[in-house]
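What follows is calculated from the coordinates using simple rules that are stated; it is not laboratory data. Quick caveat, the model's predicted, so the values are computed rather than measured. Because the Cβ atoms are built from the backbone with ideal geometry, glycine has one as well, and the counts that use them run over all protein chains shown.
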Amino acid sequence: MSARNTGPKTLLALEDGAVYEGKGFGAPGEIFGEVVFNTAMSGYQEVLTDPSYAGQIVVMTYPHQGNYGTNREDPESESVRVSGFAVREASRRPSSWRSERTLSGELEDAGVVGIQGIDTRSLTLRIRERGAMRSGVSTEDLDPDSLVSRVQGTPGMEGADLAKTVTAPEPYGASELVGPASAESGRVFKIAAVDFGMKRNILRRLAASGCEATVYPAETPAGEILSGNPAGVFLSNGPGDPAATKYGINLSKELLGKVPIFGICLGHQLLGLALGGTTYKLKFGHRGANQPVKNLRGGRVEVTSHNHGFAVDPEGWARGSTRPSSPPNEIPVIETQFGAAELTHWNLNDGTLEGLRCLDVPAFSVQYHPEAAPGPHDSRYLFEEFRKLMGDA
Amino acid sequence: MPKRTDISSLLVIGSGPIVIGQACEFDYSGTQACRVLRREGYRVVLVNSNPATIMTDPEFADATYIEPLEPDSVKAVIERERPEALLPTLGGQTGLNVAVALAESGVLEENGVRLIGAGLEAIRRAEDRSGFQRTMAEAGLPLPRAGTATSVETALRIAEEVGYPVIVRPSFMLGGGGSGFAHDPGSLEMLVRRSLLSSPVGEVLIEESLEGWKEFELEVMRDGADNAVVICSIENVDPMGVHTGDSITVAPSQTLTDREYQQMRDYALACIRAIGVETGGSNIQFAVNPADGRTVLIEMNPRVSRSSALASKATGFPIAKVAALLAVGYRLDEITNDITGETPAAFEPTLDYVVVKVPRFAFEKFPEADTRLTTTMKSVGEVMAIGRTFKEALGKAWRSLERPGMDLGADYAAAATVSGSSDTSLIQGLATATEHRLQLVERALLEGHSVDVVADASKIDPWFVDQISEVVADAEALRGKRLGDIDRDQMLEAKRLGISDARIALLTGDEEPAVRRRRSKLGVQPVFKTVDTCGGEFPARTPYHYSTYEEETEVRSGERPRVVIAGAGPNRIGQGIEFDYACVHAAFALHDAGYEAVMVNCNPETVSTDYDTSDRLYFEPLTEEDVLAVCGAEQPIGVIVQLGGQTPLKLAHTLEEEGYRILGTRPEAIDLAEDRGKFATVLAELGIPAPMHGEARNLEEAGKIAASVGFPVVVRPSYVLGGRAMEIVYGEDELEQFVTTAAEASPDHPVLIDRFLEGAIEVDVDAVSDGEEVVIGAVMEHIEEAGVHSGDSSCVIPPPTLSDSELDVIEDIVWKLAKRLGVRGLLNLQLAVKDERIWVLEMNPRASRTVPFVSKATGVPLAKIATLVMIGRTLGDLRKEGMIPEDPAHYRHLSHVSVKAAVLPFGRFRGADTVLGPEMKSTGEVMGVDTDSGFALAKALVSSGSSLPSSGNVFVSVSNRDKRAILFPAKRLADLGFRLLATGGTAAVLSRAGISVEPVAKVSEGEPNVVDLIRERKVDLVINTPYGRGPRTDGYYIRTAAATAGIPCVTTLPGVMASVRGIEALRGDASPPRSIQEYLSVPRNGRSENRTDRSPSRTASSAGGEK
Ligand SMILES: Nc1ncnc2c1ncn2[C@@H]1O[C@H](COP(=O)(O)OP(=O)(O)O)[C@@H](O)[C@H]1O
Ligand SMILES: Nc1ncnc2c1ncn2[C@@H]1O[C@H](COP(=O)(O)OP(=O)(O)O)[C@@H](O)[C@H]1O
Ligand SMILES: [Mg+2]
Ligand SMILES: [Mg+2]
């Protein structure tokens, strides 16, 4: 019998009343969270372990998941972070010389509920039309109506401050995790990396480009970070609503102008807010490994890895007017209380702002994931730009 | 960077005839490119010798030259048209090689033509194996240990260095031609000798063998601003050692972690940049060691390829179209993704389904050929299937193949037989790649071998084997069950695993319609999803669908009435691109007439499966199960089954039974023509002569019939296409063998025996009827006599030797039959003219192979006309609208001559006899057109690959039957200064006639003999008409040696006559080429000077006989 017919009957319910019936895999149980879809065709292990997915039930649009199993090198954090995982089919028999365990086994040990055998495309189109929704997966409550109403009782993503739930409890040296920083590109910089739910590959890329990072918990006060006088500060990715992550915004404000800053994803949103901008929730976000982003400085298009539900509003500085649906041709320059800034990177699919750079203080950030994992390596150059920003000419 | 304004006209080179390794995928890419370039306002000049292509239709280019794809002919076109740029990357290897030749010889520079897309240097770096090695090494990209050699000595030295086994691969070769493995110096030496010859540049690569590694391909695109994206990743199910073209492949890749995939992507982008392809698409191949992940680059093709056609269909990203736009200066982010209509082409498509490609082989046509799959491509076509899982897609792919039983997995005969033998031989069997290997895999799993044992033996990745094992388990659960006992869950599960109704029927011992009824009773019906390039992230505008067993369907209801066009399926010998051509025309015609054209087809190489071609595209198998599902979803006003060849015709009855209207000729009428027995009565009743015939159920009956109709006879099975297993039998002694083979080819049908009309002129007619009147497209006169399959013989428009009265009789027969059968749409009639009498050989109430040729030659769009007739228009109306010429004998009065010649794949199948017979063997055709018939002939012959020598040695050896008739052409050749060589008998005859000739030894007469001469290329043209059949005759050795050495070999007398005329023409000076737009617009003179009365040599050739 094929994979789909094994495993207990399981329901996935949405706040709009839709219910999908499939088979459970991974751990039995019941979880609630925001349902989002990811269009990457490979990299499920990185997705599962990306802390930015905390509080979310991830639907993979590619039908076969778990084909090459899981291994000890690819996780993006020490554990599975998604609340739930929904796929068309989870492979029972992985194949790869690096494979150590099955996808199902991985979820089971992490106590995460998975559902397979459902029409993930229909679910994806529904999310596309109605937006990311509150949802729940249960192997216990198999009464559709009751599950739906309980889903409707759960809180949404908006206003959720989740970074502190996934950040490191104590400061630590990145080298413990990813080894010493490479001296190849010359001078090694000592930097501080603020962990709002940081992906491990960011630390690897930082180390690879000669940055020896000390990782700080999300709520570390600016003073403590600056006291270690780092050459630069990195603001990491992370889950939740940036506007609700007040400590992150304040930290950014206090750091701006005092030390070079590089932000990714949530880090980018916090920087944007610190600069006096605003953020908004995208209808269903960007999650995948094929998003075209244009860097207006040079005009190159990068195929990029994304995972975000919120974005910085390019009009946030000039009230009233509406967001562009396609990127501008000239680099827009905005005025902030920290001086002028350029809106450098734009998403070619929907015109979302994807990156900015301050002109009067040393700081830049991108909404997407130059560290990839999963995804293309087109944007690695940003780690080099961070070096330059820190005075590596 | 907007489009280039420094260019106003462009030359596009097509890929010529369909050959193994280069099929209609290049018609697809060329057509896309021509369309978009014209839309951009460029003047497009096209050169292609293949008349069956859509791209050579007058409306797709501003000037279309149907000329040989040889540097000289293309040069002539350039000098006449003076294009400013040449786009070399869309015409496959052929187009690329011609472009390179023109660039290297300075022709392009002299005429101020720039190569756009890929420059000469880039092409060289990619195509020449040593250049590739160097470039990759410099870019720090990993390669197999290897070296290139131009001599046997260096080859041996390199082999010592890299270590045996090694693979030998010639540079600039198509579809792995001339490559192979060597396990020791001995075998290496042989291989290298051959490959050095087969490589146009006399260079071979000696490389460490990676047999058994995993093979992958990436399709990459790059624009002028150096933006580069990967369109698709493809994983081969068959490991390294089986040519990707012969491998079952899957998109996207299934067994790579993101790390490995991204590394491969990095390599691919670094590769296209290092090679320096400025703009366009490239195909890059990788091998991965399953034990440790070591990844190496195998090859890069700096052009669109078979794989990019597959990738385009698999992802919805139109690679060729975008490549053309990039070549004229656009950037990826300036081009919109048609499918979403809003997002740009600067992205990487993501799939939420699985695509499986399975190659289609034709070994049954070449009994002597080796059926093992190697590094040399042997498949003649392919199918693609889309499903939500690998299992579903694989199941759909199997039934798309139309190879009876191939979708039955372990129950497939070939697999079942092996099971009889011991376990060990079953496992050993897995190690050899053949077209049946996956059925063998199922068989092994069924017999209890573990996934790992099977994977290890076959080197097929365990993931794939395990997927298959799921299907096997489910199928077995159904075996022996009563249909009525199968519940919804089990039925649904079986269908989700891609198990066909036919297979369920077999397992439950029931009939397919019963399975269908059971399914609908249980409410188990497929839904249709959309191919949208983005995994559902954006709404799709294009209705490009595939069926699957899920919850939600995405088919939109249509505003206009819909017509389903059932396509032709995979290319195969006997049914190729010509039928796709007709389907595409139907789609265009229907759209223009205000209908929604709904295309159903499963061939990824074709124009018909481009989402731009029809209003709705269903990428589905052409089986009752799947076509009915589409009809169910679309509720069409009717279905067109007469354009896709035999494939859709077979569905007519079921479709009608299920309540769908067949447009055009009624199914009963189709039967009347297809069933030779019934057809004979129709002919008799109309008083139309036909060869005497009978049907035999056993040898004894066969003997009786043969005796009564008189030898020689034609023996054939009923219900087959392309003259399958058809033979001419000259006497009792041979009868037995052929009757049995015929019986095998079509078991439960009688064997048909016809009187063989020896030495008859064969004639083909394509016509359209609306039930009232008939429009004759053309009467084509064959060059070879009846007895050579119409698909393999050359033919000429206007008919050169048939008298007007004969043509009148032929046309009258067409009218009678069309009316009697009530034909509505196309019909094809084959006749034989002998002793002033005209016999009907067969009638096909459908589009034929020659429809595109006739349309190109006459300018009359037969397929369009037929389509409009099928939806109720009358020929009268269409004539008024100018679609049909006033002159009913239009084709007789053309002022230009068009010759169709066949292209044969013997070079691919070492050991296959090259003699032409009633069984079709050609893969494609070419057209030669000129105002002078000699030149038209010559062009056709040159295009078909039999490059005619203008001087040198001609070896002659003919059957007794032909000895008298050979004198005339032999004399002519001698006069032209050729040195004649001949074996005993023939030599005697020639010298007696006063023709100087040098005798040479037959094989049977010891060495050195004729075969040695041929091997050493001391002969430039071989003339050998068969005497005695089958392997191990002298003729067989001579012909196969010629094929291997690539020396033109003519096997029929008329063929010889034609060649001589061609040679004469080539020696005279050619008039500058003309575009078909010009040919078709010139006023026609009353009576074409190209039609003389029959030359005496014509009938002479029927004298004598070998018995
Ligand atoms: N070093 C090798 N060892 C084993 N098989 C190989 C090797 N190189 C190529 N092949 C096989 O030969 C096939 C054809 O080789 P390729 O370089 O792709 O030539 P072509 O130009 O015909 O595509 C490949 O698809 C692969 O399966
Ligand atoms: N009675 C016959 N006499 C001579 N040649 C024949 C006869 N019947 C068939 N042939 C030859 O065999 C070829 C194939 O026969 P045909 O009936 O056309 O089969 P198919 O359906 O495969 O086209 C024809 O093209 C013709 O050359
Ligand atoms: Mg290849
Ligand atoms: Mg025929």
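Per-residue Cβ counts within 10 Å, from other chains only, averaged over A:60-70: what number is that?
6
Relative contact order, percent, of chain B when contacts are C-alpha pairs under 8 Å separated by at least 6 residues?
10 percent
Which of B:Gln525, B:Leu699, B:Ile995 sits farthest toward the positive end of the charge dipole of the protein assembly as shown, with +1 on the Cβ of Lys and Arg and -1 on the Cβ of Asp and Glu?
About the Cα centre, the residue reaching furthest to the positive side is B:Ile995.
Using the structure shown, list the pairs from A:Lys164/A:Lys294; B:Lys391/B:Lys481; A:Lys294/A:Lys388 with a Cα-Cα distance above 26 Å, or answer none.
Distance filter (> 26 Å) returns A:Lys164/A:Lys294.
Let me know the mean shielding of A:116-129 by other chains, meaning the per-residue number of their Cβ atoms within 10 Å of its Cβ.
Taking all residues of A:116-129 together, the mean is 5.
How big is region A:1-56 by the Kirkwood estimate over distinct Cα pairs, in Å?
Evaluated over region A:1-56, this radius sits at 13.4 Å.
Suppose we take every Cα in region A:252-389 and form the convex hull; what volume per residue is that in Å³?
With only Cα atoms used, region A:252-389 gives 97 Å³ per residue.
With only alpha-carbon atoms counted, please give the Rg and Dmax of region A:46-137, in Å.
Cα only, region A:46-137: 13.1, 41 Å (Rg, Dmax).
Just to check, using Stokes-Einstein with a Kirkwood Rh over alpha carbon pairs, what's the diffusion coefficient of chain B at 20 °C and 1.002 mPa s in µm²/s?
The estimated diffusion coefficient comes to 71 µm²/s.
Determine the sum of side-chain charges near B:Ser8: Lys and Arg each +1, Asp and Glu each -1, restricted to other residues whose C-beta is under 9 angstrom from that of B:Ser8.
Taking every other residue near B:Ser8 into account, the sum is -1.
Enumerate the lysines that B:Lys880 could reach by cross-link, defined here as Cα to Cα under 19 Å, with residues fewer than 8 away along the same chain left out.
The qualifying lysines are B:Lys864.
Please state, to two decimals, what the Cα-based radius of gyration of region B:646-735 comes to when divided by 2.2 N^0.38 Å (N = residues).
So the Cα radius of gyration is 1.34 times the expected 2.2 N^0.38 Å.
Report Rg/Rh for region B:933-999, rounded to two decimals, where Rg is the Cα radius of gyration and Rh the Kirkwood radius.
Rounded to two decimals, Rg/Rh equals 1.01.
Using alpha carbons only, what's the Rg to Rh ratio of chain A with Rh from Kirkwood?
In chain A, Rg relative to Rh is 0.97.
Packing-wise, with mean Cβ within 10 Å as the measure, how do B:101-108, B:492-499 rank, highest first?
The packing order, highest mean first, is B:492-499, B:101-108.
Relative contact order, percent, of region B:36-111 when contacts are C-alpha pairs under 8 Å separated by at least 6 residues?
Once divided by the residue count of region B:36-111, the mean separation gives 22 percent.
Could you give the radius of gyration (one decimal) and Dmax (whole number) of the Cα atoms in region B:489-637, in Å?
16.1, 47
In region B:247-283, whose amide N lies under 19 Å from the spot 7 Å out along Cα-to-Cβ of A:Arg101? List them in ranges.
Once the point is set 7 Å along Cα→Cβ of A:Arg101, B:257-258 turn out to lie under 19 Å by backbone N, inside region B:247-283.
Which entries in B:Lys939/B:Lys1018; B:Lys921/B:Lys1002; B:Lys378/B:Lys971; B:Lys834/B:Lys1002; B:Lys378/B:Lys834 show an alpha-carbon gap greater than 32 Å?
Long pairs (Cα-Cα over 32 Å): B:Lys378/B:Lys971; B:Lys834/B:Lys1002; B:Lys378/B:Lys834.
At a 10 angstrom cut-off on C-beta neighbours, averaged per residue, how do the peptides B:550-562, A:254-266 rank from highest to lowest?
Listed from highest to lowest mean packing, they are A:254-266, B:550-562.
Can you give the log10 of the normalised intensity I(q)/I(0) at q = 0.11, 0.17, 0.19 Å⁻¹, computed with Debye over equal Cα scatterers of region B:120-193?
For region B:120-193, the Cα-only Debye profile gives -0.28, -0.66, -0.81.
Sorted by packing (mean other beta-carbon atoms within 10 Å per residue), highest first, where do A:135-147, B:748-760, B:1062-1074, B:920-932 land?
For the peptides A:135-147, B:748-760, B:1062-1074, B:920-932, the packing ranking is B:920-932, B:748-760, A:135-147, B:1062-1074.
Using a ≥ b ≥ c from the Cα gyration tensor of region A:207-259 (square roots of the eigenvalues), is it rounded, prolate or oblate, where a/c under 1.5 gives rounded and otherwise the larger of a/b and b/c decides, a/b for prolate?
Here region A:207-259 falls in the oblate category.
Using the charge dipole of the protein assembly as shown (Lys, Arg: +1 at Cβ; Asp, Glu: -1 at Cβ; taken about the Cα centre), state which of B:Phe853, B:Thr244, A:Phe262 has its Cα farthest towards the positive end.
B:Phe853
What area, in nm² and to one decimal, does the C-alpha convex hull of the protein assembly as shown cast on average over all directions?
The directionally averaged projection comes out at 54.0 nm².
Which of the listed residues, A:Leu251, B:Leu492, B:Leu197, is farthest toward the dipole's positive end in the protein assembly as shown, when Lys, Arg count +1 and Asp, Glu count -1 at the beta-carbon?
B:Leu197
Taking just the C-alpha trace of region B:658-697, give me its Rg and Dmax in Å.
Every Cα atom of region B:658-697 included, Rg and Dmax give 13.3, 39 Å.
For region B:764-817 and region B:180-258, what is the centre-to-centre distance using only Cα atoms, to the nearest Å?
Each part's Cα centre sits 46 Å from the other's.
Which percent of the Cα-Cα distances in region B:879-919 go past 12 Å?
76 percent
Taking H placed 1.01 Å from N in the peptide plane, check which residues at least 5 places from A:Lys190 or on another chain put their amide H under 5 Å from its amide H.
Under 5 Å from the amide H of A:Lys190 lie the amide H atoms of A:Glu212, A:Ala231, each far enough along the sequence or on another chain.
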